[in-house]
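I have placed the structure first, in the form of structure tokens, so that the comments after it can refer back to it.
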Amino acid sequence: YATRDNTKVTINNQQGRIICADGQKHTQFNFTLNKGESYAIKVSAKENYSTDPADIPYAFSNDVFNDFIGAEIIADQPVSVVNGNYKGEVAFDAAWNLLYDQSLPVKNLGQEYFLRMGFSTPLGFSEGALIIATEDNTKVYFNNETVPITLNKGQYYSTILSRPNKFKIGNATGR
């Protein structure tokens with residue numbers, strides 16, 4: 001959503017694996033928006049996601065599903081970015097939901113987070129975290145662990161929560 005006229009936007013999808021509604025795979029989108037206009041990228045689950053039950057344990061890995069997680073959005077003027085999906089399934093619970101988030105500018109991201117359990121299923125499968133690296137060599141430490149998970153720009157790590165978690169993020173620039 002553009003807040004000013006003549007806003008130039010570039011979306012870099014470094015994975016370039018998803019098939020969009022036009023039937024093509026894109027590694028970059030470039031467009032110009034005027035104040036109040038928005039741009040939607042439609043991706044069909046039918047062409048992009050595995051329905052093989054053997055893939056279920058790997059649903060959040062970078063290699064099984066072709067997704068748009070980690071795409072970089074660059075705009076020359078302020079924009080509002082909302083992302084998500086219309087019929088999302090969280091960790092294979094039996095329900096479908098609208099799953100949307102508003103993205104923050106990188107400059108507004110912190111380094112320390114606390115994840116609290118909400119109202120989940122009795123098995124606790126629908127509480128989780130998705131951490132996306134905005135820079136190379138991003139180190140993610142959960143709770144008091146001393147060995148980090150290391151991610152490069154655009155890579156992500158997701159986990160299902162079974163208890164509250166605290167995590168810290170750091171990299172070469174201190175973000």
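The values are calculated or read from the model by the stated rules, or taken from the named source; none is laboratory data. Since this is a predicted model, take the numbers as computed values, not measurements. Note that we place each Cβ from the backbone using ideal geometry, even for glycine, and neighbour counts take in every protein chain shown.
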Taking segment 1-33 and keeping residues out of contact with any Ser or Thr (no Cβ under 9 Å at 6 or more places or on another chain) and part of a strand (DSSP E or B) leaves THR10, ILE11, LYS25
Which residues, counting only those in segment 1-31, are surrounded by fewer than 14 Cβ atoms within 10 Å (Cβ to Cβ), in contact with an Asp or Glu (Cβ under 9 Å, 6 or more places away or on another chain) and among the hydroxyl-bearing types (Ser, Thr, Tyr)? THR10
Looking only at segment 129-146, which residues are outside any loop (DSSP other than H, G, I, E, B) and more than 15 Å from LYS166 (Cβ to Cβ)? LEU130, ILE132, THR138
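Yes/no matrix, rows are residues, columns are (1) under 21 Å from THR159 (Cβ atoms); (2) in a loop (DSSP other than H, G, I, E, B); (3) at pLDDT 60 or above:
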| position | (1), (2), (3) |
| --- | --- |
| ILE41 | no, yes, yes |
| SER50 | yes, yes, no |
| ILE56 | yes, no, no |
| VAL64 | yes, yes, no |
| ILE69 | yes, yes, yes |
| ASN85 | yes, no, yes |
| LEU104 | yes, yes, yes |
| PHE119 | yes, yes, yes |
| GLY124 | yes, yes, no |
